[in-house]
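What follows is a set of notes on a single structure, which appears directly below.
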Amino acid sequence: MLDFFTIFSKGGIVLWCFQSTSQIFTPSVNALIRSVILQERSAANNSFDHGSLSLKYKLDNEFDLIFVVAFQKILQLSYVDKFLNDVHLEFRDMYKNELQEGQVFGNFDFSSVYKEVLAGAEEWARLQQMVPKQMRSFEESLKSKKTVSSMIERPHEQKQKQEKVPELIKVPDSPPLSPKSANGELDEETLAQNRMRLAQKLGSPNAKKKAVEKQKSPKPKKAGKAPTQWDLGGTNKDVANLERTKDRPSDSPNTPNYDARLIGQMVGGIKDLEVESSDEEEEEEEESEVQMQVSKEKKSGGMFSIFKGLVGNKSLSRESMQPALEKMCDLLIAKNVAADIAKKLCESVAVKLDGKVIGTFDGVASVVKNTLNESLIQILSPRRRVDILRDALESQRKNRPYVMTFCGVNGVGKSTNLAKICFWLIENNFRVLIAACDTFRAGAVEQLRTHMRHLNALHSSEMHNGQQMVQLYEKGYGKDAAGIAMEAINFAREARIDIVLVDTAGRMQDNEPLMRALAKLIKVNDPDLVLFVGEALVGNEAVDQLVKFNQALADYSATDNPHLIDGIVLTKFDTIDDKVGAAISMTYITGQPIVFVGTGQTYTDLKSLNAKAVVHALMK
């Protein structure tokens, strides 16, 4: 039986509730709202598990209502989906006028109808169990409808069809009708092509001007990075420019001579990440401007203005959105979003728009794209703010160091980005201790020692009242990483050092001994912030890494409330152009924010994620 049922608006107003002791189910419903509805995440079969309860929900996008039913997870109730659909239709029919007028504080007496619908759904489930299921015959399957001729590819026929496309519109004669879809409406892509050609045929001055400019002066391609020109003898005329340690001061032979312009560039906040669009994207923008102008001219015409006043609104259905959703899904996968997550995102958009009323002249594809845009921005926007400077000041006030732990797979750039974050911290006048807890990889301690020397050269002790801003705590190789981290934290507390950065060894997510060691380090030392360092180059692999890292921290910590990943550092972002889908995959899986973005090789190449810029590049 059902334990709980409620109807409430998206504004949080409860219209009707079945269970009088609803306080018991309040945490579960709130978890559903926070984790699924507000984040616009598509749950499997519109179901959500919380503790021992299983919740199912249905959205009414026309009236902004949410129907939620809860029951014990151990029960297998086959009639819940039918019950939700039936009760949704009954409630809409009974209170359609009140809902259209927005009277959400009215008296919704729904008890008798609720009991009747529930009894009907339970009777339907009982009858279904009595009727034995029959296997579908071969004639009823989709496979039987495929003929041998339909499976044979004929490239020459496809080429002939493509060559006939430009002849769809003839001006000034009466234009023949373009191919229509199954529901009788013109395909939007065909409409866009026809409008473009019509504008050129009719002599649109803007279209002609842009077409002539494109033919006469093609845009030069952006010059990429020039390759290094090496001579045959293995030397280079610019090899002197590659030497980083020349012109050292005589009094300090081990200290490089750095450009003073690096100092003072990252005080306070970090600059937002900006993603540039390519030349092809700019050309597409020009074509879209021409298409928009032609459509505006058509809409402003007398006949179109008359139709606009006569026809009403239309509601979206899954069938009408399916072509646009499939294109959006393919676009997300092409931009490096994990395939499963791309499908879930499109499914959440379909759930959000199903039944929603839009204007007659609003395109389905544009509505789907705009909704997906909003969902992606919301996913990339952090649910909680990670303010390291504020938290570090609070720890400083309590006379204890603020501890940050970096973890991730091999070769993603943990040590390099740790050094970038360290530079940002000392720019904000914090003293930093680097704990060399990578006791496995050869050269790991030496790499951190080199970074420490470089950072202290940029911020010498003379600039900070004789205090050394960066120190390294090391115990060599082959030692217990958790013990080294504990000793480093105690040393920082005694030496009044503000922040401890714990560098861990890279490990694959399937390596159980190393994952147990990482869980032990985090459990023993309880850092303030656990950052997962991941590459922007990966797609599906990012999902697997994050899921298994989080799962290992939960399984091997042996505590009821394990410390999981708190944030993400996304590295090598300057190598992917506009294929920024890894940012979506990582934030969708954990719900944790991307705290830093690494974009280069210098200490100042550290950015904060700009959600709108990333989504703009993703949807191009």
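The values are calculated or read from the model by the stated rules, or taken from the named source; none is laboratory data. Predicted model, so just to flag it, every value in this text is computed and none were measured. Backbone-built Cβ (ideal geometry, glycine too); neighbour counts: all protein chains shown. Note: accessible area is taken over every heavy atom of the protein model, side chains too, but ligands, DNA and RNA are not part of it. Shrake-Rupley method; radii C 1.70, N 1.55, O 1.52, S 1.80 Å.
Here are the numbers for the structure shown:
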{"read-out": "Links that overshoot a 27 Å alpha carbon limit, given the list LYS327/LYS414; LYS96/LYS343; LYS56/LYS352; LYS56/LYS344; LYS314/LYS352", "value": "LYS327/LYS414; LYS96/LYS343"}
{"read-out": "Rounded accessible area of TYR79 (nearest 10 Å², 1.4 Å probe)", "value": "20"}
{"read-out": "Solvent-accessible area per residue, Å², over the stretch 519-620 with all protein chains present [probe radius 1.4 Å]", "value": "35"}
{"read-out": "Inter-label distance, nm, simple model (7 Å from Cα along the C-beta direction), ASN410/ARG493", "value": "3.6"}
{"read-out": "Gain upon complete extension [ARG92, ASP49; 0.36 nm per residue less C-alpha separation]", "value": "12.8 nm"}
{"read-out": "Solvent-accessible area of ASP109 with every protein chain in place, 1.4 Å probe, in Å² to the nearest 10", "value": "100"}
{"read-out": "Relative frequency of Cα-Cα separations exceeding 22 Å in the stretch 1-109, percent", "value": "28"}
{"read-out": "Average accessible area per residue (Å²) across the stretch 333-416 - probe 1.4 Å, nucleic acids and ligands excluded", "value": "44"}
{"read-out": "Share of carbon and sulfur in the accessible heavy-atom surface of the stretch 524-620 [1.4 Å probe, %]", "value": "45"}
{"read-out": "Histogram of C-alpha separations across the stretch 44-84, 5 Å bin width, %", "value": "6, 21, 33, 23, 11, 5, 2"}
{"read-out": "Listed pairs LYS73/LYS523; LYS572/LYS612; LYS420/LYS479; LYS82/LYS356; LYS356/LYS620 exceeding 23 Å between Cα atoms", "value": "LYS73/LYS523; LYS420/LYS479; LYS356/LYS620"}
